[in-house]
1. Taking the stated definitions as given, is A:PRO441 touching a Leu at 6+ places or on another chain (Cβ under 7 Å) and either over 17 Å from A:MET276 (Cα atoms) or not β-branched (Val, Ile, Thr) (or both)?
2. Condition first: among the β-branched types (Val, Ile, Thr) and either within 14 Å of chain A (Cβ to nearest Cβ) or surrounded by fewer than 20 Cβ atoms within 10 Å (Cβ to Cβ) (or both). Now tell me which residues in the stretch B:236-271 satisfy that.
3. Just a yes or no: is a residue in the stretch A:118-125 in contact with a strand residue (DSSP E or B) (Cβ under 9 Å, 6 or more places away or on another chain) and not in a loop (DSSP other than H, G, I, E, B)?
4. Restricting to the stretch A:352-390, what's the tally of residues that are away from chain B (no Cβ under 14 Å) and surrounded by 20 or more Cβ atoms within 10 Å (Cβ to Cβ)?
5. For the stretch B:138-235, please list each of the helices (runs of 4 or more DSSP H) lying entirely inside it that holds at least 2 residues being surrounded by 20 or more Cβ atoms within 10 Å (Cβ to Cβ), touching a Ser or Thr at 6+ places or on another chain (Cβ under 8 Å) and of a type in the set (S, T, N, Q).
6. Output yes when any residue across the stretch B:87-97 is assigned to a helix (DSSP H, G or I), open to solvent by less than 50 Å² (accessible area, probe 1.4 Å), hydroxyl-bearing (Ser, Thr, Tyr) and closer than 28 Å to B:THR255 by Cα, and no when none is.
7. Hey, can you tell me all the residues within the stretch A:230-269 that are closer than 17 Å to A:GLN195 by Cα, away from chain B (no Cβ under 13 Å) and either surrounded by 16 or more Cβ atoms within 10 Å (Cβ to Cβ) or among the aliphatic types (A, V, I, L, M) (or both)?
Amino acid sequence: MTCSFRKTLLAASVSLSALFAANATLAQEAVFVTSSNEVGVPTLDPIRANNLGRATTLLFDRMVSQAADLSYHPWLAESWEEAPDGMSWTFKLKPGVKFHNGEPFNAETIKAWLELFKASENAYMSEAIAEVQVVDENTVKFVMSRPEPNMLYNLSSTYMSVVEPKAWTALGENFGVTEAYGTGPFKLESFTIGQETVLVRNDDYTWGPALAENHGPAKIARITLREIAEDSTALLELKTGGVDLLLSVPADLIPEVQKEANLAVMMLPGQDVWYMPINVTKAPFDDIRLREAAAKAINQEEILASVFGGVGTVADTFLISALPESHVADSAKIHYDPARSNALLDEAGWKMGANGVREKDGKPLKVSLWVQSDTAFRRVAEVVQAELKAVGIEAEITTFDSSMIRDQYKTGEQQLAVRSYNWDNADIVDWFFGGDRLGYPNVSMFNDPKAEELRKAAMTGAKNMEERVKNFTAYHEYVLSQFPMAPIYQPVDAIAYNKDRLTLPEKIDAPGIGTVAVLGMEVKE
Amino acid sequence: MTARALPAPVRALRRPMGALAGGWLLLVILMAVLAPLITPYAYDIQSLKEAYQPASSAHWLGTDEFGRDLLTRLIHGARTSLSVSGIAIFLSVLCGMVLGAAAAWFGGWFDRAVTVVVDLTWSFPEILIALILVAIIGPGTTGTMVAISVAYLAQFTRLTRAQILTLRGETFIEAARSLGASNSHILRRHLLPNALAPVLVSAMLATGDAIILEATLGFFGLGAQPPVPSWGGMMSAGSALIFKAPWIIVFPGLTVAVTVVAINLFGDALIAELDIRNRMGGRA
């Protein structure tokens, strides 16, 4: 009895002193919640990952930064020049930049880093670079094997974050898990997969992106990025003061945030597209008529209004509407058209049965619909299920854990699914529909000779930006005409934060919340 | 004396707590059985314009996020929850009794092997075993059923084995054996009937836990797949809407809570009526 009382007393005093300690440093610390589709990312290493969390963007810098209007601006590269024929690029690097482990950043680093990048999943981003020449300490020249109009975009992508090559080689698979060294405004303190990443300020940082008002160091000394799978749980944490900022708030929760006096919402143009991949290799969807019927059974307006509270816009192509390549011919856009769906299903021999499910040769039109376990996806899947049922297709929903569903796709057993991606370049069409990535990312198992031809022209055949847009539009349009997916919805990017705790910069000139935004954030004393 | 002649569950109903709990259980079971006849709406037809309506005369418990009647879904959910947990526990009791009785009766290496495996599963929480199994079998009602029955198998195997071990030394067993009764005769006619009562009570209480386990799996999205309603699945959908439409999570939550408490209370009344300890050596 006495013993346990003493223990309680001890525990109480320990937790009390911990509380005081926490309070003392509270002023410079902030807790963010990552977006729910980043939960469970297994590594922060931009070279090895095919899904990256927000921590990576704060640990590593990139050569080029992008503005809100998607134009390109200096970051680690001060200036650049492309040869008129597109066959070489020369970059002037910022002097005086240092990695977290003290290694200098210079032309040699770029050469060594691009060598590592060649073996990665994302190697296509640098494959047009035939040779990297070190001109002087701070000048590097890329000799190209073909013109690459997308060079600046690639260099501004998180996946082309510059890592410290020596540490990357020495640490192997542990780079980005136990340790990570970049030149970014924050250093890695700890990373617990599926739980949280703790970042501490890089006090030497003075080389922030050109568009940031504060070039460094950051004002916040320590950021904890927590991973919370359920959006409403995250919102509850924000309401009760457990966290200071949510990096992604789903549309239907925005009104809940706006109700609270001490919380604020900031909206940025979104880069997500929700869609329904259709596996073109699995019967009955090996018949293009059934694919079109399923795609046109999806009522995008209804989903936007009922599931997303009208926040965002409908999607009618595979790309976000900010991209010029999304401007395909009107006939190629995919819209809700139940009359056409019914006509196509009739034509394909699927006759309406007594219970509202179509039949052919005595077999019902029953398909599977895969979805990850996050609430919003499940809700969209249920509406999609009802909409398919309305034209006589019975879809059976199977829910998978969000971190496991990618591996499930690799089996190729899926028929329909509801998923989303986040990207702001037309090359995402290549990523999700390229014939060499069947299963995942190519969930639709789409491998079409004509598409592959157009894909090649789009990815590698253009000499300049204008030509690239034209080629990608043609590729995108052809893919749409084959119905390997149905577009559903384009959200806005909404973040929510506690106004009593954080000050955000008035204007964030970046396509999303990353280095530029975080450099401008301040914790209120 | 006349009271003694009635079956134990009926006698349990005569106790005030037993009556209350038993009444609720009967109501839930009745509604589950008659679901399609008594519900005014279809559980799967969406009407998105009527989503998020609070309780009204048209929808007694309101509507969910797809405009479906919550009461209808709750009643159909009772079907899923009760049938899945009931069948799972039935399977579990069946397999557990056979295994436990065989282990106790035959002894030797077979007993040791069964005991080791049972103790091994016993050392894991049921939810963990269930989650692993559902991950292997795949989500859905069948997966959940198998997962729950395996999760509770250890409990019934152990209980039956212990019962038989105490009973096999009793004089009436010796008497039966000396009269030339075979192994299977003694097991079927003397041992299992005597071991049955405690196992059944324990099964009744386990059904309450199984409902919670089923709801948990449903909450994780691993139980019955939409649009089929289950209490856990409904709570999971409601958890994201707790600020916007709290009734979507509150009513299924309350139903699970009340049902599980009712099962426990009724189980208590049953134990008291059965007077399990006194009957141990009684009728043979």
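1. Values: touching a Leu at 6+ places or on another chain (Cβ under 7 Å): no; either over 17 Å from A:MET276 (Cα atoms) or not β-branched (Val, Ile, Thr) (or both): yes.
So A:PRO441 fails the test.
2. Matches in the stretch B:236-271: B:ILE242, B:ILE248, B:ILE249, B:VAL250, B:VAL258, B:VAL260, B:VAL261, B:ILE271.
3. The answer is no, given that none of the residues of the stretch A:118-125 is in contact with a strand residue (DSSP E or B) (Cβ under 9 Å, 6 or more places away or on another chain) and not in a loop (DSSP other than H, G, I, E, B).
4. Step one: of the stretch A:352-390, the residues away from chain B (no Cβ under 14 Å) are A:352-354, A:358-365.
Okay, now just the ones that are also surrounded by 20 or more Cβ atoms within 10 Å (Cβ to Cβ), so A:358, A:365.
The number of residues fulfilling the criteria is 2.
5. Details: elements: B:141-167, B:171-178, B:192-219.
Where helices (runs of 4 or more DSSP H) fall fully within the stretch B:138-235 and carry at least 2 residues being surrounded by 20 or more Cβ atoms within 10 Å (Cβ to Cβ), touching a Ser or Thr at 6+ places or on another chain (Cβ under 8 Å) and of a type in the set (S, T, N, Q), they are B:141-167.
6. Initial filter on the stretch B:87-97 (assigned to a helix (DSSP H, G or I)): B:87-97.
So of that shortlist, the ones also open to solvent by less than 50 Å² (accessible area, probe 1.4 Å) come out as B:88-89, B:92-93, B:96-97.
This time we only want the ones that are hydroxyl-bearing (Ser, Thr, Tyr), so: B:92.
Subset that is closer than 28 Å to B:THR255 by Cα: B:92.
Yes: one or more hits.
7. The answer is A:GLU237, A:VAL243, A:ASP244, A:LEU245, A:LEU246, A:LEU247, A:SER248.
The rows are residues; the columns are (1) loosely packed, with under 14 Cβ neighbours inside 10 Å; (2) among the basic types (Lys, Arg).
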{"position": "B:ARG11", "(1), (2)": "no, yes"}
{"position": "B:LEU30", "(1), (2)": "yes, no"}
{"position": "B:ALA55", "(1), (2)": "no, no"}
{"position": "B:HIS59", "(1), (2)": "no, no"}
{"position": "B:LEU71", "(1), (2)": "no, no"}
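The values are calculated or read from the model by the stated rules, or taken from the named source; none is laboratory data. Quantities reported herein were computed from a predicted structural model and do not represent experimental measurements. A quick note on method: Cβ atoms are made from the backbone with ideal geometry, for glycine too, and the neighbour counts reach across all protein chains shown. Ligands, DNA and RNA are stripped out before the accessible areas are found, and what is left, the full protein with its side chains, is counted by its heavy atoms. Shrake-Rupley method; radii C 1.70, N 1.55, O 1.52, S 1.80 Å.
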